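**Student:** My structure is below; once you've seen it, I'll send some questions.
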Amino acid sequence: MVAAAGVSAAKPATVGAMITGAPSVCYDNVVGNMWGVVQGVADTHGNTVYYTNNGVNWVPIGTGTNPCMVWLGAGNAFAIFARGTDGALWEKTTTDATNWKTVSLPATSVLAGTGPAATWTAATGETDVFYVNSGSQNLMWLSLPTTDNPAVTNLHGVVFATPAATTTSTGGMNVVVKGTGGVIYEKMYAMGGWSGWTKFHDGLIGAGASLVGAGTGNLYLFVSGTNSQLYAAWSHDDGLTWVTNYQQKLVSFNTNSIYWAPLGGITQSAPSATFRGSNPPVCMVRGGDGSIWYETLKVPTSPPSLIINAGWTGPITGP
């Protein structure tokens with residue numbers, strides 16, 4: 001990816017407690033709030049994972065690294081997944097955003113420095129979780145709840161960062177990962193089966209990626225590039241194809257390239273994006289100052305409209 005004229009997150013590095021790892025953000029379409037979860041520095045109780053409602057209060061919830069948060073389709077029902085101090089995958093769930101319970105998961109081993117990605121499917125009521133196995137670095141898939149003892153499925157590949165996943169408008173799933181050399185690979189689930197890995201021949205992943213669907217066939221892929229700046233790509237057919245340049249000309253791109261919208265910024269983490277009902281997506285990152293910044297996009301509806309960034313906002317007060 002080419003370097004873009006970015007916005008430097010040049011605020012002081014201490015906003016509340018320090019934040020480490022990547023933030024994760026989700027939106028509930030019933031109450032209408034945006035929720036987030038981060039990994040912070042351990043307090044006196046050893047709590048390092050915090051969640052928030054609209055960034056108002058940060059609540060400690062347990063010890064873990066690289067957490068992700070997913071809305072479960074009803075009111076204040078959420079699940080948080082994280083890599084535990086034992087290297088295993090852990091889950092906490094709630095129906096009221098206050099009382100959380102720990103859920104038992106199959107024996108897992110998550111690659112250090114990475115975390116899980118999760119997506120919820122309305123048609124099935126299932127939560128699908130993806131993580132990188134610590135031994136093989138294969139992508140692993142866990143679907144909850146399917147049985148009392150759900151099986152873990154090996155989707156293979158060699159993965160070097162936290163995966164990105166979303167549900168498609170047809171009830172399928174797309175997963176994007178960082179492969180060898182930072183190359184982007186995509187895998188799709190439809191009609192009860194997984195496709196092979198498709199290699200992107202344009203663009204590289206630095207810290208990580210986020211994939212979010214609007215439920216209308218529009219998918220947006222956010223990538224922290226190898227230059228630590230944020231980029232976005234767009235698909236209007238659930239990831240079957242990705243929009244190319246059309247009328248936009250950028251240095252080092254040609255007419256066969258995917259159009260990567262340069263969103264600037266300085267990222268120290270993988271991004272995390274969510275739609276807010278019918279509003280444009282919001283994408284959060286840990287900025288150059290170590291705190292959370294977010295960007296709201298002005299998104300296209302049909303080619304050759306292009307993704308336009310609305311500017312960075314932050315920092316969000318940390319835990």
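**Student:** Using a cut-off of 15 Å between beta-carbons, work out the net charge of the residues near Asn154 (Lys and Arg +1, Asp and Glu -1, Asn154 not included).
**Tutor:** Neighbour charge sum, excluding Asn154 itself: 0.
**Student:** May I ask you to evaluate 6.51 cos²θ - 1.76 cosθ + 1.60, the Karplus curve with θ = phi - 60°, for each residue of the range 122-131 and list the ³J(HN,Hα) values in order in whole Hz, giving x for glycine and proline?
**Tutor:** 5, 5, 10, x, 9, 9, 9, 10, 10, 8
**Student:** Across every pair of different alpha-carbon atoms, what Kirkwood hydrodynamic radius in Å does the range 19-316 reach?
**Tutor:** That comes to 19.0 Å for the range 19-316.
**Student:** What net charge do the residues around Asn174 carry, taking every other residue with its C-beta under 10 Å from that of Asn174, with Lys and Arg at +1 and Asp and Glu at -1?
**Tutor:** Surrounding charge for Asn174 is -1.
**Student:** In whole Å, what is the distance between the alpha-carbon centres of the range 192-230 and the range 52-76?
**Tutor:** 23
Every read-out reported here was derived from the displayed coordinates using simple, explicitly stated rules and does not represent laboratory data. Everything quoted here is computed from the prediction, not taken from an experiment. Counting neighbours? That spans all protein chains shown, and the Cβs are built from the backbone with ideal geometry, glycine included.
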